1. So which of Thr58, Thr105, Thr138, Thr85 ends up being of a type in the set (Ser, Thr, Tyr) and out of contact with any Leu (no Cβ under 8 Å at 6 or more places or on another chain)?
2. Just the residues that are among the hydrophobic types (A, V, I, L, M, F, W, C) and either in a strand (DSSP E or B) or touching a strand residue (DSSP E or B) at 6+ places or on another chain (Cβ under 6 Å) (or both), please, taken from the range 718-757.
3. Return yes when Phe599 is closer than 30 Å to Thr511 by Cβ and in contact (Cβ under 8 Å) with a residue 24 or more places away in the chain and no when it is not.
4. Check whether at least one residue in the range 340-354 is surrounded by fewer than 24 Cβ atoms within 10 Å (Cβ to Cβ), more than 20 Å from the chain's Cα centre (by Cα) and either assigned by TED's automatic domain parsing to the domain that holds Glu473 or modelled with pLDDT under 95 (or both), and report yes or no.
5. If a residue counts only when it is at pLDDT below 95 and either out of contact with any Phe, Trp or Tyr (no Cβ under 8 Å at 6 or more places or on another chain) or crowded, with 18+ Cβ neighbours inside 10 Å (or both), which helices (runs of 4 or more DSSP H) contained entirely in the range 68-186 have at least 1 such residues?
6. Return the pairs, sorted by first residue and then second, in which the second residue is open to solvent by less than 40 Å² (accessible area, probe 1.4 Å) and charged (D, E, K, R), the first residue lies in the range 158-169 and is farther than 14 Å from Asp232 by Cβ and without any contact (Cβ under 8 Å) to a residue 60 or more places away in the chain, the beta carbons are less than 6 Å apart, and the residues are 6+ apart or on different chains.
7. If Gly388 satisfies every condition in (1) out of contact with any Asp or Glu (no Cβ under 9 Å at 6 or more places or on another chain); (2) not assigned by TED's automatic domain parsing to the domain that holds Val470 but one, which is the exception?
8. Could you list, in sequence order, all residues of the range 1-28 that are hydroxyl-bearing (Ser, Thr, Tyr) and free of Cβ contacts under 8 Å to residues at least 24 places away in the same chain?
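The values are calculated or read from the model by the stated rules, or taken from the named source; none is laboratory data. Nothing here was measured: the structure is a model prediction, and the numbers come from that model. Cβ placement follows ideal geometry from the backbone for every residue including glycine, while neighbour counts extend to all protein chains displayed. The protein model used for the area step is the full one, side chains on, heavy atoms only, and it has no ligands, DNA or RNA in it. Shrake-Rupley method; radii C 1.70, N 1.55, O 1.52, S 1.80 Å.
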Amino acid sequence: MSEKITLTIDSQQVITEKGTKVVDAAKSAGIDISVFCYHPKLEPVGACRICLVEIGRTQRDRSTGELVLEADGTPQISFSGNLETACTVPVAEGMVIHTANEKVTKAREDILEFILTSHPLDCPVCDKGGECSLQEMTFEYGLGESRFPLDEKIHLGKHLPLGDMITLDQERCIQCGRCVRFQKEIAADPVLEFYHRGRKTDIVSYSNPPFDSYWSGNTTDLCPVGALTTRDFRFEARIWEMNASPSICSHCTVGCNITLNTRLDPKTGRSKIQRVMPRQNEWVNEIWICDKGRFAHNFTSSEERLTKPLARNPEGKLKPVTWQKAIKIASERLKSHPDGLVTLAGGRLANEDFYQLRTLTEGLSGKLILDSSLAGGDLTARVGLGQGSNIKDLGSGTAILVIACDLEEEAPLWWLRVRAAAERGATLIVANPRETKLEKSAEYILRYEYGEETQTVLDLLEKESEASRVFKEAENGIVLFGSEGMNFGSSQVLAQACANLLIKTNHVGKTNNGLMAVWPEVNTQGAWDMGFKPDENLPEALKGAETLIIAGADPVGDGIIPDLKGKFLLVQELFLTETAAQADLVLPVLAVTEKSGTFTSGERRVQLFEMALPASGECLADHEIAAKLGQALGIEMIQGSAEQVLEEIIKHQPGYASLSLAALGEVPEQQPFVAKEVLSYTGTVFRNTSGVGVQLPSAAENGKMPLEKFTLPQKGFGDGTLAVPVTRLYDQGIMVRTSEILSPRLIKNQLILNPIDAEKEGLSAGIRVEISLGERTYEAAVDIDQKVPVGVILIPRSMGIPLDGPENAVLKAVK
């Protein structure tokens, strides 16, 4: 237990942990000390001086070390002649601190006056207006007039693009350094720095492209003034005009808590998302979100959204029909052809959608398939992270293995938190065929060739090495496995090997121990839990179906199968995808922003999200569509809200019995304390008032964790160049490419080669080539990266070259 000490702040007794900074101790007691440069997630620097306080310390006799007492027996307190920065001074037993006396107030007035000497008086047009720390403090401490001549104000650049997504107003910058320090300390992307000196000091980016970081948007939250703003929100809305709705980011498996700020668009008369902001959840994303989660929201309001049911007419064209007509068409087909039904669903659906689709499909004796090539969802349910786990708590005594995964590209917030755990003393082991950014924080790096993933894990279990010893002896052990260069079959044996490693080293069934799958979508784990799982031969499964229900998946567009003609095809989608374009019936669905429900993250944390926008056109939730079909077919199903479906899940779904709406909505006390009333302390992050979710218990916590034997897959790649699928954060998926602001950073149609291979083939960056994969041929541009293994071509997923797993390839320059 941490040592507790007692001190007095503004005549109030405060008990806190030894080593706590004065500003944080005061905050814990409800006493706010003004700050600009300080942030509880960053190292203190004491640069802005606005947090000056008067500190008195107990006196001790130099010869005896005993406290010097006053006549009344209380400790004698001696105050320094100078004020001290509350953000850098740790508390000590018996301290007496004044945060608002005349001396302190006068000092703050002087500091504020100096800060304002060159700050523009443009609050009425500043995007930070209404949530600006400087504005708040000026109201509290600012003088009515300045002693500095107006003509001595320094005028600097306005509306300068710091990068593709962030705009800098140099005049507004108060040189607090939060943005620079965040990029160095938290994001590990030190791309910002101070330039010039004195009153001309400004912020510059030294990367190419400018501000090259997946975390740039967080600097606008941290900025206490309007110096940094996101390009898509600048001059778009005032904060008091917007509604705030709690939601969950749907772009990866982390399940980051976000707040959607919406308002009525005066141009269209429809509500739209103005900005996406982080919402505090110290068990999930703390107070951060990546730029993909922040900026990839335009799909919701896209003009290409489906808004009415479409049915294929006798001329073969898709034409709008009523919902009544659409349900009639589907139900009549399902009644007349009850056999051969396959339901294929993607991982972006909510738990309630999966549950209802399962009930419908099982009522028709159909088959459930998950559109995913990553296996292991059954194992994460058995030996996943124990209840109460929090990566934020991990440090010395913990070993973390990350294998077959480029973590920042696949699950950015996990990368951020795993890296931070390593900084706190956790032993990080990174195993991958190529160098990834996480390796900079790793103590052990295990390099293997593609196809040797499982053997690498078995070596940790069966062979003696330093990494093996550390993992076996660690108090806590966690394994994260991803999809780097793998298909369903190879990932299945890798997941089992990882589970065996954890079981045999006693790292399952308890807090801060277990298996984590870096799933490709937000609710892949929920899909597994609801009975959906991938099919190792998906093309054959789709070809063999007589009737197909496809929800949130695009097998034609993904190149899994060229066409689905000759069968009845019902598609539930946001857009008219290539698969939907071949459908007999297309049913428009609500986006995640337009409905409520739950997702289950890769840490098996179930979280609620709420509706932020009204429905687009006549769209319905996937679970509502399934219920309507079930009703027409006489299948007993819940006809109601997502909350009612969740109640059914809790009653009937193994593993979800510990849930309740009340438990999902609980918000324990979180540190640091976030409040919109005191923006200077944590920035513009939103306080969580809607629940931090519930982590499901693993089967291992109930003693169920049998080992399984498996056969190592044969590499069988043969000689020659090997094409390997990899994941990039800024992919070409429909939910991302609709973002105008992210567009310059999206992956291009390219193949990534090592310089040695490029030279051998006579290729240079930008040259167009043909790549042959078996009988399939595609065209793309060449990109060169020395981190790529020799003899390997990396092919980013979702860019138009379908690749299920490693495959031999032949390159030829396009003439």
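1. Working: Thr58 fails: out of contact with any Leu (no Cβ under 8 Å at 6 or more places or on another chain); Thr138 fails: out of contact with any Leu (no Cβ under 8 Å at 6 or more places or on another chain); Thr85 fails: out of contact with any Leu (no Cβ under 8 Å at 6 or more places or on another chain).
Of the residues listed, the single one that is of a type in the set (Ser, Thr, Tyr) and out of contact with any Leu (no Cβ under 8 Å at 6 or more places or on another chain) is Thr105.
2. Leu722, Ala723, Val724, Val726, Ile734, Ile747, Leu751, Ile752, Leu753
3. On the way: closer than 30 Å to Thr511 by Cβ: yes; in contact (Cβ under 8 Å) with a residue 24 or more places away in the chain: yes.
So Phe599 passes the test.
4. Checking the range 340-354: at least one residue is surrounded by fewer than 24 Cβ atoms within 10 Å (Cβ to Cβ), more than 20 Å from the chain's Cα centre (by Cα) and either assigned by TED's automatic domain parsing to the domain that holds Glu473 or modelled with pLDDT under 95 (or both).
5. Working: elements: 102-115, 133-141, 178-185.
Output list reads 102-115, 133-141.
6. Listed pairs, sorted by first residue: Lys158/Asp169.
7. Exception for Gly388: condition (2).
8. Ser2, Ser11
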